[in-house]
Structure formats: structure tokens, C-alpha cells
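Asker: To start, I am sharing the structure in question, which I have written as C-alpha cells.
The values are calculated or read from the model by the stated rules, or taken from the named source; none is laboratory data. What you see is a predicted model, and the numbers here were worked out from it, not measured in a lab. Every residue, glycine among them, receives a Cβ derived from its backbone with ideal geometry; neighbour counts consider all protein chains shown. To get the accessible areas, we keep the full protein, side chains included, count just its heavy atoms, and leave off ligands, DNA and RNA. Shrake-Rupley method; radii C 1.70, N 1.55, O 1.52, S 1.80 Å.
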Amino acid sequence: MVLASEITPTVELIGITKAYPGVVANSDIHLTLLPGEVHSLLGENGAGKSTLIGILSGMVQPDAGEIRINGKTVRIHSPRDALERGIGTVYQHSLLVPTLTVLDNLLLGVDQGWKLGREMAMARLHELATLLDVEIDPSSIVGDLALGQRQQVEIVRALWRGEGVLILDEPTSMLTPQGAEKLVQVVRRLVSKGLAVVFITHKLSEALDLGDRVTVLRRGKIVGEVTPDELHNKSRLQVTDEVLKMIFGEKSDASQGTSATQLSDTAGETFRVDHVSVKGDGPHPVLDEVSFALKRGEILGIAGIDGNGQKELAEVLAGQRRVDNGEIILEDLSIQHLSIAARQAKGLRYVTDDRHGEGMVGPLSIALNVVLKRVGEAPFWRWSFVRHGAIREFARKLINDHDVRTPHEEVAISTLSGGNMQKVILARELALAPQVVVYNKPTYGLDARTTAIVLARIADQARAGVTTVFISTELSEIVAICHRVAVMYRGQLSEPISVRPGIELQLGALMTGSTAV
């Protein structure tokens, strides 16, 4: 048996340090990636995972430290340089061009002539598809592929110039359970061929199921590691407890108070959707006769596999998409013809799933982002003049109340971690005295601790009388905080059912189109 100490590491990071103004993102990081091993990387948002992977993939240059590939010290100058050295990354957000074919996407950046490049690309695609044990049609338009198929193309692209290290950043966040299982099979096949895989996830169960080794980062430093021997010889409960202590440093009470409270029988109806339909580009509507009614303080969960109309429903409720038929009623007022601003004035808030493209303006400061929806309003504006002091004071209060990790309120919001961006967006919406809040996957991409904090805030506001539509692909979250659950399937919404023990099987059946209850 060959000991790990006798194996030449594929990659070694030695004393890696990277600082930004006011924040040390990575501090003296030592990380070893071995061939034939899945190395799970865990840590809450802002722990330094993205910076570390940015350094390894050539997108970020370290301030100090050394990188060794196959025992030789190197400097990774760019993402292309990383690819040439056999280090490929599949990012959380796709880098493929949706209007191009699979083959054309893979040819982007190839230096050979057009004909020679296509011939070589076809051969390389066949080689990698065989390695992954998947079928990939080179002539398919990427935008027409299912998410799992696109991810397979992303993996092929990451391995295109060499097969040394594959970095997977939150790879299952948008996949169905079937797609996630296929990914696991692909990863296992790759490590059996000697690749080193870095698996970044916020889901502890995934990290332990797939990882051969687990490393935990907290506030820019490595705080612990679970070795292959420990994973095999300790109980799952023991390992889970140890990793949670590494991630959080101390026992967190963030998950307390997330369960839904009993609704009062006398609570009045405050929000109703009646037979709402929205036409699609094809023959079938994207929303088909959707109806539900909510009491004050009720949380309705809407489950379903992505792409079944959830996003369209959220946009219709928020006023971003036109209703073709039906009615939306808020406090006895029909609002389906009102603008976004008019709905907000009536107390309806929307937290989008697209925090980068829709939820914020990246180059602007945190302070300006928290008042984006209050431009011209007092106390932040007076006689058309901006009151910067009032804006900064308001931002500092929200930062403190919502535990946003940032040096100060004038930092560009795009420099924050995903979890801290989401905290800012939530803080902004909840500061506007909401009556009804529509959440579309509010915990997407968040670590366990931040997820628990977000769920607790949603439950707290419901207890205070805020009515909530909670759209999520995570059944565990829906069951944890919702009073009732409905399932979206092909644009239709099932009859809401009350949350009870064992409801997951029933919801799973509805999510796949079964009418059995």
C-alpha cells in the first residue's frame, strides 16, 4: 500500500496569502491536492474559498506564498496558463455561450486553423466523453441542453488542455437529484483515472459523501482537516460534529426559531392569486391557471425542479412580467396591472434569485445599494440633494443588524462574498416595512450558517405578521419554515398541503408529475 506521504502531490499551495483593503482573504494557506483523491473544501461565506480557488485557477495573484505543480514551483499567470498546466475550473455560474454549439464553445480560444481545430476538437471531445462515460452531441446548442448536460460540457471544457486538477465550485446547486447522482459518477470515474478533484460545497452531507479528504476554512485560514482514515474509521455523527465545530468555531444558535408557528384561525386573508396564466413562446403557457390564497403571517412554500415556472411566478408577483389572464389581490386591492414601484408602495417586496444581475449594482457601495429603491425619498434626499451622511448611517445600522462581514459601508458590494451580498439584499427589502415578501431561492449558494440565519429572519418576520411566498428547490428548508407547500410542475401549481412529518415523499412525487398523494 502506498502511503499519502509517498505520493507526489499534483498541486501544493504553501503559505498562500492574499489581502484586499480591510480584509485578509487568505492567510498562510497550506493545501495539498493528491492524484486520485476528491478534496472537499468547506467554509461559511467569506471564509476565503473563492479567493483560494481564484489563485489556483489563475484569476487572482497571491501576495505571498508558493505554488508547486508535480513538485515544481510555478507561477500561474492567468486562467489560460492554469488550463495549460492541467488545472480546470467549473464555476458556479456557467461560462458557456448559450447560442453556440457544444463544439463551438470548446473551440473558443483554440489557436489552430478552423478546419484543423474542429478535427482535433472532435477527437478530443470523443476522448473526454469516453473518460467521463457520458454522451455529448457536439452539434447541440448549449442553451437547449439540460443543466446537467451543460455541466458535463463545462467539465469537458475544464479538462480540455490537460487532466491534472478539476475544481468544481458548488456543482450541484442547480442540479436535480438525478443530475447530482450523475455528477458523482463522473467525479468518481475521474479520480479513478488519477485526477485530483477539488469539490467546493456548502452542503456538509455532500462534502462527506463524496470527499476523500475534507479541509475547512474560516475567516481566511485553514482551521482543520478530516483525513481519509478519519472519514473511514469515525462515525458519521462524530465527523459531522467535528466539522461543524471547525466551520463555526463555536456552537451556533442561528438555526433556532426557524420552524413555522401555528397560524391563528382568525387571521385574515391578505394575499390571493386567482387563475393567473402567462403565455410562453411555445404552445404551452409558462403559468397555467395558478391559484392560491394566504393568511396574514403565513409562509407558503413553492417547491419544484428548476424550470417549471417558479421564476416566472415570482416575476409575475413582483410586477416584472405581465399577466395574460387572472388576478392578483393584495389587501382587497387588485394589483396585477400595477407597476413594480406601485406594488412596492403597497408593501410587496421581492428578493430575486439573481443577486448579481438583478439584486444589486456591483460597482456601487453597500451604502448606495441599500437605498436603490428609495432614490429621492427622505431622509436620504432633501430638495433633490443626496444626504450621504444619512445614507451611510442607515447602511451601518443594516450592516450591524444583519451581521454583514465588511470593513465599512463604502466598500463596493461586488467585493463581498455571496452570502454577505444576500444579507445586504435581504436587509434592504426587510427595512421597507413589507406586508408581503416573495422570495425566489433566497439561500442559493449560501453556507449552512448564513442559510440558518436567513431562514430564522424569514420565520421571525412571519411571526410579526408578514405574509411570505417562499420559492426553493431545497425541500428541507421548505419543510423547516413553511405552513403549507405547493409544487410547480410544467407551469401548474398543485393544491397547497399542510406541512407534516414525512411530507417529502409526497412532494417528491408531485415534483416529477405524479398525481398520487
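Asker: Looking at the stretch 85-96, which of its residues are modelled with pLDDT of 90 or more and open to solvent by 50 Å² or more (accessible area, probe 1.4 Å)?
Answerer: ARG85
Asker: Being modelled with pLDDT of 80 or more, farther than 30 Å from ASP63 by Cβ and open to solvent by 20 Å² or more (accessible area, probe 1.4 Å): is that true of GLN178 here?
Answerer: When the stated conditions are applied, GLN178 does not pass them.
Asker: Are any residues in the stretch 400-433 assigned to a helix (DSSP H, G or I), open to solvent by 30 Å² or more (accessible area, probe 1.4 Å) and touching a residue at least 12 places away in the same chain (Cβ under 8 Å), and if so, which ones? Walk me through how you get there before you give the answer.
Answerer: Here is the first cut: in the stretch 400-433, the ones assigned to a helix (DSSP H, G or I) are 400-401, 413-415, 418-430.
Narrowing further to those that are open to solvent by 30 Å² or more (accessible area, probe 1.4 Å): 400-401, 414-415, 430.
Within the stretch 400-433, ASP401, SER414, THR415, LEU430 qualify.
Asker: Residue under question is ARG500, and the condition is that it be under 18 Å from the mean Cα position of the chain (by Cα), open to solvent by 30 Å² or more (accessible area, probe 1.4 Å) and among the basic types (Lys, Arg); does it hold? Please lay out each step first, then the result.
Answerer: Numbers: under 18 Å from the mean Cα position of the chain (by Cα): no; open to solvent by 30 Å² or more (accessible area, probe 1.4 Å): yes; among the basic types (Lys, Arg): yes.
In short, no.
Asker: Test each condition in (1) closer than 18 Å to LEU287 by Cβ; (2) touching a Cys at 6+ places or on another chain (Cβ under 6 Å) for VAL499 and report the one that comes out false.
Answerer: (1)
Condition check ((1) outside any loop (DSSP other than H, G, I, E, B); (2) modelled with pLDDT of 85 or more) across all residues:
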residue	(1), (2)
MET120	yes, no
LEU125	yes, yes
LEU166	yes, yes
PRO171	no, no
GLY194	no, yes
SER205	yes, no
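Asker: Can you give me the ranges of the helices (runs of 4 or more DSSP H) entirely in the stretch 30-111 with at least 3 residues that are farther than 30 Å from ALA452 by Cα? So that I can check it myself, show each step before the final result.
Answerer: Details: elements: 49-56, 79-84, 102-107.
Those helices (runs of 4 or more DSSP H) span 79-84, 102-107.
Asker: With respect to the numbered conditions (1) in contact (Cβ under 8 Å) with a residue 60 or more places away in the chain; (2) under 23 Å from the mean Cα position of the chain (by Cα); (3) open to solvent by 60 Å² or more (accessible area, probe 1.4 Å), which one is the sole condition not fulfilled by MET59?
Answerer: Only one criterion is unmet by MET59, namely (1).
Asker: Would you tally the residues in the stretch 316-339 being of a type in the set (A, V, I, L, M, F, W, C) and open to solvent by 50 Å² or more (accessible area, probe 1.4 Å)? So that I can check it myself, show each step before the final result.
Answerer: Quick first cut of the stretch 316-339, residues of a type in the set (A, V, I, L, M, F, W, C) only: 316-318, 323, 328-330, 333, 335, 338.
Okay, now just the ones that are also open to solvent by 50 Å² or more (accessible area, probe 1.4 Å), so 333, 338.
Selection size over the stretch 316-339: 2.
Asker: Quick check on this structure: which one of ILE76, ILE29 is within 14 Å of ILE222 (Cα to Cα) and buried (at least 19 other Cβ atoms within 10 Å of the Cβ)? Spell out the reasoning first.
Answerer: On the way: ILE76 fails: within 14 Å of ILE222 (Cα to Cα).
After ruling out the rest, the residue left standing is ILE29.
Asker: Right, here's the next one. If the requirement is being hydrophobic (A, V, I, L, M, F, W, C) and either part of a loop (DSSP other than H, G, I, E, B) or at pLDDT below 90 (or both), which of these qualifies: ALA378, ALA390?
Answerer: Values: ALA390 fails: either part of a loop (DSSP other than H, G, I, E, B) or at pLDDT below 90 (or both).
On inspection, the qualifying residue turns out to be ALA378.
Asker: Output the number of the condition that LYS423 fails; it satisfies all remaining conditions of (1) in contact with a Gly (Cβ under 9 Å, 6 or more places away or on another chain); (2) under 23 Å from ALA47 (Cβ atoms); (3) not hydrophobic (A, V, I, L, M, F, W, C).
Answerer: In the conditions (1) in contact with a Gly (Cβ under 9 Å, 6 or more places away or on another chain); (2) under 23 Å from ALA47 (Cβ atoms); (3) not hydrophobic (A, V, I, L, M, F, W, C), LYS423 misses (1) alone.
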